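Contents: one structure, followed by commentary.
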Amino acid sequence: MSNNKKALITGVTGQDGAYLSQLLLSKGYEVYGTARRGASEKFSRLEYLGIKNKINIIDFDLLEISNINKVVDKIRPTEIYNLAAQSFVPTSFDLPILTSDINAMGTLRLLEAILHIDKNIKFYQASTSEMFGKVKKIPQDEETLLHPRSPYGVSKAFAHYATINYRESYDIFACSGILFNHESPLRGHEFVTKKIAKTLSKIKLGSDEILSIGNVDAKRDWGYAGDYVNAMWLMLNHNIADDYIVSMGINNSVKDFINQCLKILNIDYEWQGEGVNAKVLNKHNNKVIVKVDPKFFRPAEVDSLIGDPSKIKKILKWQPEYTFDKLVAEMVNFELDHPNIIF
Ligand code: NAP
Ligand code: F7E
């Protein structure tokens, strides 16, 4: 089944790249996915979904303009989904220049390639709620002023405005999806939801590990990655290019996420202490199973995010299928069934 649509997905080895590939293959797309050469294999998500062999994997790096031009010219995709990024916020404080080169300048390199090779290529940019940072409005919508709090957020703000600018200046069909945190069993191991679900599941299975955690009061508007990649596709398949918030419109704290995991795992627990002294006791054996470690605090924190998804629901009829409880249950059950898989 082919629909003559050819998608180029940058960052196909990541969480969203895997789910988006699966979605586009189901719609009859020819899918090209980019990957950076590395010393070890990195296709575990595509292999887990059973789609690695259905995707044309292309060597690609957002740092290298000649490579970007060659790839775009050779493949001539009808749609480009720019998902590639240095996406881990703490790393952006350690590697701010590299993060900006990939996320900000990399996006600009790709937009320039489209402009000079084929202006008819539709472009999706993976923007982020992290751009709202120290929020100026609650809930955040498409018009809310940005105030990023990390080099990652700053780099993504540049890419967001570059996308809008190339749409307005050159009439390129370019959309920026401002996605709030979205998670899944395929989430990278260092992100907080995966770390919590994995460690607490291991404890349930008998491990002596302790979950060391940072700021448990931070709040995020968490959704399911499978629902969010559908929003990306809807944006590029509408008749007008525009920017959209993608969120659930409900937020929970890191502490709420821990509590929900413990509930699903049927662990009887009690929180004790406050701030850096906060910990969780397993009431069954009096062992500490969660403790706060300031090494996970960030130089500047994003305290609370909550998005208003009204626009995408109204115009693109986007409707998420997962609730917060369903998402957490799926992540925990995955860890219980596959304790040794690390993405
Ligand atoms: P992810 O799992 O971290 O995947 C990032 C991808 O980018 C990986 O395939 C990575 O390849 C690739 N990449 C990194 N540096 C690159 C470079 N220099 N050149 C080419 N590719 C490079 O991220 P994700 O969670 O799927 O998120 C997808 C996109 O959405 C990212 O742009 C992220 O910033 C953005 N976003 C994510 C969320 C969220 O909650 N997940 C929310 C809003 C926006 P390697 O495998 O080689 O590292
Ligand atoms: O942190 C707090 C941490 O790393 C969420 C990326 O996909 O979503 C993601 O960025 C919150 C923060 O995600 C730990 O301080 C506490 O407040 O899971 P995270 P993030 O930073 O929100 C946005 C939308 C993106 O665009 C990004 O690419 O949890 N937190 N303790 C912790 N976070 C981590 N990672 N580890 C901890 O131990």
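The values are calculated or read from the model by the stated rules, or taken from the named source; none is laboratory data. Just so it is clear, the structure is predicted and the values come from calculations on it, not from any experiment. Note that each Cβ is placed from the backbone with ideal geometry, even for glycine, and that neighbours are counted across all protein chains shown. Surface accessibility is based on the protein's heavy atoms, side chains included, excluding ligands, DNA and RNA. Shrake-Rupley method; radii C 1.70, N 1.55, O 1.52, S 1.80 Å.
Things to note:
- Relative to the longest principal axis of the Cα atoms of the chain, the long axis of helix 192-204 makes an angle of roughly 40 degrees.
- Mean separation of Cα contacts under 8 Å (6+ apart) over length of segment 54-206, as relative contact order %: 23
- Straight-distance candidates among the lysines for linking to K70, with alpha-carbon spacing under 20 Å and chain neighbours fewer than 8 residues away dropped: K5, K6, K119, K122.
- Calculated SAXS-style log₁₀ I(q)/I(0) at q = 0.22 Å⁻¹ - segment 221-343, Debye, Cα scatterers: -1.29
- Degrees separating the helix 225-236 axis from the principal Cα axis of the chain, which is the longest one: 20
- For segment 97-186, the list of trypsin sites (Lys or Arg not before Pro) that fall in a loop by DSSP and count at most 14 other C-beta atoms within 10 angstrom reads K119, K134, K136, K137.
- Dimensionless Rg over Rh [segment 71-158; C-alpha; Kirkwood]: 1.04
- Of the trypsin sites (Lys or Arg not before Pro) in segment 303-340, those whose Cβ has at most 10 other Cβ within 10 Å and which sit in DSSP loop: K317
- Each of the GluC sites (Glu not before Pro) that DSSP puts in a loop and that has at most 16 other Cβ atoms within 10 Å breaks the chain; the longest unbroken stretch is 65-141.
- Cα centroid separation - segment 241-306 against segment 127-191, whole Å: 24
- Fraction of beta bridges assigned by DSSP in the chain that are antiparallel (%, nearest 5): 25
- For the chain, accessible area per residue (1.4 Å probe, heavy atoms of protein chains only), Å²: 45
- Residue-level accessible surface for H147, protein heavy atoms, 1.4 Å, Å²: 60
- More than 39 Å apart - percent of Cα-Cα pairs taken over the chain: 13
- Surface composition of segment 138-252: carbon and sulfur atoms hold 51% of the protein heavy-atom accessible area at a 1.4 Å probe.
- Phi-based couplings in Hz for segment 293-304 (Karplus 6.51, -1.76, 1.60; Gly and Pro marked x): 10, x, 5, 8, 6, 9, x, 9, 9, 9, 6, 7
- For segment 147-162, backbone phi angles converted through the Karplus equation (6.51, -1.76, 1.60; θ = phi - 60°) give residue-by-residue couplings of 8, x, 10, 8, x, 4, x, 5, 5, 6, 5, 4, 5, 4, 6, 5 Hz, Gly and Pro being listed as x.
- The angle separating the long axis of helix 15-26 from the principal Cα axis of greatest extent in the chain is about 50 degrees.
- Of the solvent-accessible surface of segment 1-74, computed with a 1.4 Å probe and all protein chains present, 45% belongs to carbon and sulfur.
- Long-range HN-HN contacts of I80 with modeled amide H, under 5 Å: L8, K122, F123, Y124
- Largest accessible area first, the residues R45, R37, R298 order themselves as R37, R298, R45 under a 1.4 Å probe with ligands, DNA and RNA left out.
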